[in-house]
Ligand SMILES: [Cu+2]
């Protein structure tokens, strides 16, 4: 179960994982050091009969060093973390690689609508393929997404992509991802969006170029493809469905 979410299925998932490892490796020694010193002092200076507590102002140089030296060391660690974080942030959020295709992602209470480009590889044209709760992507392609909300705030979360992006009503938020691992993975809304929030799962299906081309050709222009239930195999269904909005 956990391994399912640990899979790195986007080109930048490993960069995010490495950043979290960097934070863990830098913070963990400090945590154990501070806890160790705390418990050592708790036992060393515990109340003893006949011994009065001293009042220490901490103003002398050798006492102030207990604050200033760790303070400087923590600041140096912060600088390392900030550099690591900025590098990943710029790669993922600032730089937008030239996309091979664009998908529109529309959140609403309580479902996801995905608009895929049809054979012309453009969205907002007659051959778009609309799906509900099922996003189809071609492995190895770079996608730009345009994220919208029809009602309240939602959050488009794809754990295997290490992607979580808020959707705000009235705004179109652009970003990108590049799937690198074929499979059928979870999408979940990660923003409390009403009573049905927990019932808002979807699937991202990453398929080979041939399988993706077959999926595109199996869906007529402008049709709303039937969604595959979240727990089932990714095989697309072709049941008749209402026209796309
Ligand atoms: Cu939600």
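Just so it is clear, none of the values below were taken in a lab; they were calculated from the coordinates. Just so you know, these numbers come straight off a predicted model, no measurement behind them. Positions of Cβ are backbone-derived with ideal geometry, glycine not excepted, and every protein chain shown enters the neighbour counts.
Report the antiparallel proportion of the DSSP beta bridges in the range 101-225 as a percent, rounded to a multiple of 5. DSSP beta bridges in the range 101-225 are roughly 65 percent antiparallel. Ordering 197, 154, 219 by the number of other Cβ atoms within 10 Å of each residue's own Cβ, fewest first, gives 197, 219, 154.
Taking the beta-carbon count within 10 Å as an exposure proxy, list 98, 24, 7 from fewest neighbours to most.
98, 24, 7
Cα extents for the chain along the principal axes, largest to smallest and rounded to whole angstrom: 88, 38, 35. Each of 145, 12, 40 was scored by other Cβ atoms within 10 Å of its Cβ. Arranged with the fewest first, they read 40, 12, 145.
In this simple spin-label approximation, residue 88 and residue 49 carry label points 7 Å from Cα along the Cα→Cβ vector, and these lie 5.6 nm apart. For the range 2-94, what D do you get in µm² per second when you plug the Kirkwood radius from alpha-carbon pairs into Stokes-Einstein at 10 °C and 1.306 mPa s? The estimated diffusion coefficient comes to 92 µm²/s. Where the centre of each part is set by its Cα atoms, how far does the range 141-156 sit from the range 36-93, in angstrom? Distance between centres, Cα-based: 42 Å. Relative to the longest principal axis of the Cα atoms of the chain, the long axis of helix 13-44 lies at roughly 20 degrees.
Extension gain, residue 32 to residue 120, is 25.9 nm, computed as 0.36 nm per intervening residue step minus the present C-alpha separation. Given the options 103, 34, 172, which has the most mean-square fluctuation in a GNM of the chain, springs set between C-alpha atoms less than 10 angstrom apart? Top of the fluctuation ranking is 34. For the chain, the antiparallel share of DSSP beta bridges with both residues in that region comes to about 65%.
Treating each Cα of the range 73-190 as one equal point scatterer and applying the Debye formula with no solvent, the log10 of I(q)/I(0) at q = 0.10, 0.11, 0.18, 0.23 Å⁻¹ comes out as -0.35, -0.42, -0.98, -1.43.
Figure legend: label point modelled 7 angstrom from the Cα of residue 146 along Cα→Cβ; residues of the range 163-191 with amide N under 18 Å from it are 166-177. Per-residue ellipticity at 222 nm computed for the chain from its helices equals -10500 deg cm²/dmol, with DSSP H segments shorter than 4 residues left out and the rest contributing -39,500 (n - 2.57).
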